[in-house]
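The values are calculated or read from the model by the stated rules, or taken from the named source; none is laboratory data. Fair warning: this is a prediction, and the values are worked out from it, not measured in the lab. For neighbour counting, all protein chains shown are included, and Cβ atoms are generated from backbone atoms with ideal geometry for every residue, glycine included.
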Amino acid sequence: MTNMNPKETCDVLVVGWGGAGSAAAISACDAGADVILIEKSAQGGGSTALCLGSLCIPTSMEFADYLDAIGFKTAEREVIDTYTKVAMDTPDFIKKLGGDLTPLVVLQIGYPRTLSGAGFPKAPKAEFMRKMTVTKEAGGGAELTGPRLWNLLKRNVESRKIRVMTNTPAKELVKNDSGEIIGVIAERAGEKFFIKAKKAVILTAGGYENNNAMLWEYYASKPIKFLGNPLNTGDAIRMLQKAGAAMWHMTNMVCSIAYQSPEFEAAFPVACCGTDFLYVDKHGKRFMCEATGDIHEFGHAVAHFDTQRIEFPAIPAYIIFGEQTRKRAPLFGGKIGNNVNLYKWSLDNSAEIAKGWIIQAKNPAELAKKIPTMDPATIEATIAKFNEACKSGKDAEFKRAKEDMSAITGPFYAIPIHPALFCTQGGGRRDKEGRVLDPDGKPIPRLYEAGELGAISGWLYQGSTSLADCIIFGQISGKNAAAEKSIEGSN
């Protein structure tokens, strides 16, 4: 309840102007609703505009078996089935907006590799997974799917003359005496005011990747950095909790490999384009195959906790590399994350060596002296063993392919790496209609959700499903919110 008179009134209020918020607003508007869209930032875009990404477009309803398997029963099957069905229709939605999709053949940004298919190919029905990218023409010239998709959605929001209020964060959901959500308390220029929604509120305000307290509470690997939208601080999650929502998927995140510079708030996602490199823990011991695995699941690779030392040995970990990797390409390719337009990494990594971001040494022992936690004997033995594996062509320890490795001969380089989040997956538990549920599994009246906030991914994250989730549940929530019976009543 609120004693405020509404400053603004609409049928459907959408909180968060990113991919999900745009899809929800467009769908609600096309269904005949008067829509207001409010956004915390000055320009909108959210995680979508920062995303390298692609869209998950299944080729069969059997793909639901794959999502069910990698989700480890953390989402109801009817939600997964609905996701899959609407995902298959996404090309039609994109065309309706004036865009088009084309298959993503291979996207290689170094090691580990990201391929066009399923991230977990041994899971059942993985063969029905495909990734699609928005064509360049549709997005107004942007290079990557996320910005292209955002440009396309933004143009459609603007062409429909949907009311958008930027620099306007939502602070609290408002209920009436019957427990229905009838709007939000928002803030602009230091003033709090009430926006009334006569039909429904749709929350699409992202996750909590830049909220250190929540990350420490929910994520197994500690500490963890972020590389996505710095404004994703869990605002909508707190609003949901206060409104009595059940939460789900709070511990699942899209977690990559990144370097945290002291000069920047967000971390830099890094990858090696040479083959003379390896990953070691803070003591100098190798702990994984560096050339395989899914780039979205690095958090699992470093999650081992040493109960004797009371530490995560691989947080931070280090990439140890040689001249081939150093000269071939920048460790930060400059195509994903919050720092894309803030810093240009040098082509041969020399500027970052001069800055001290990358550690340089003549030999492994000198390298260890510059990294206080590293044991000289351990790192020397690790590099020697790796070089011998390169010579023989057989990596007995981690089965790295012969063509993916070459000896590190010096000079030697090292850069500390952390697990770093592009986005989280937690939020309110939602049903197949996009409605937010309470702890008893009952819908909170007139409250919907879409996108990264409460995404369907609850265990392993399949690349491209988050961007698709924005479109899928944006449409579902927008249409269903617009179909609600209008409520007048008291404030």
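Details
- Among the candidates 166, 204, the residue that is of a type outside the set (Gly, Ala, Ser), in the same structural domain as residue 98 (by TED's automatic domain parsing) and within 30 Å of residue 60 (Cβ to Cβ) is uniquely 204.
- So residue 397, is it modelled with pLDDT of 95 or more and over 21 Å from residue 270 (Cβ atoms): no
Let's see how each residue does on (1) in the same structural domain as residue 437 (by TED's automatic domain parsing); (2) in contact with a strand residue (DSSP E or B) (Cβ under 6 Å, 6 or more places away or on another chain); (3) surrounded by 18 or more Cβ atoms within 10 Å (Cβ to Cβ):
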residue: 18; (1), (2), (3): yes, no, yes
residue: 24; (1), (2), (3): yes, yes, yes
residue: 42; (1), (2), (3): yes, no, no
residue: 70; (1), (2), (3): yes, no, yes
residue: 77; (1), (2), (3): yes, no, no
residue: 91; (1), (2), (3): yes, yes, no
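- The listed residue being under 20 Å from residue 384 (Cα atoms), without any contact (Cβ under 8 Å) to a residue 24 or more places away in the chain and out of contact with any His (no Cβ under 8 Å at 6 or more places or on another chain), out of 351, 365: 365
- Which numbered condition residue 339 fails, given (1) at pLDDT 95 or above; (2) crowded, with 21+ Cβ neighbours inside 10 Å; (3) out of contact with any Gly (no Cβ under 8 Å at 6 or more places or on another chain): (1)
- When residue 236 is tested against (1) out of contact with any strand residue (DSSP E or B) (no Cβ under 7 Å at 6 or more places or on another chain); (2) farther than 25 Å from residue 312 by Cβ, only condition (1) is not met.
- Residues being touching a helix residue (DSSP H, G or I) at 6+ places or on another chain (Cβ under 7 Å), among the hydroxyl-bearing types (Ser, Thr, Tyr) and crowded, with 24+ Cβ neighbours inside 10 Å - total across the stretch 404-442: 1
- For residue 258, the criteria (1) within 20 Å of residue 416 (Cβ to Cβ); (2) free of Cβ contacts under 8 Å to residues at least 40 places away in the same chain; (3) not basic (Lys, Arg) hold in every case but one, which is (2).
- The one condition in (1) among the aromatic types (Phe, Trp, Tyr); (2) in a helix (DSSP H, G or I); (3) modelled with pLDDT under 95 that residue 386 fails to fulfil: (3)
- Subset tally (residues that are of a type in the set (Gly, Ala, Ser) and part of a loop (DSSP other than H, G, I, E, B)) for the stretch 160-208: 7
- Filter pass, residue 44 being over 17 Å from residue 477 (Cβ atoms) and part of a loop (DSSP other than H, G, I, E, B): yes
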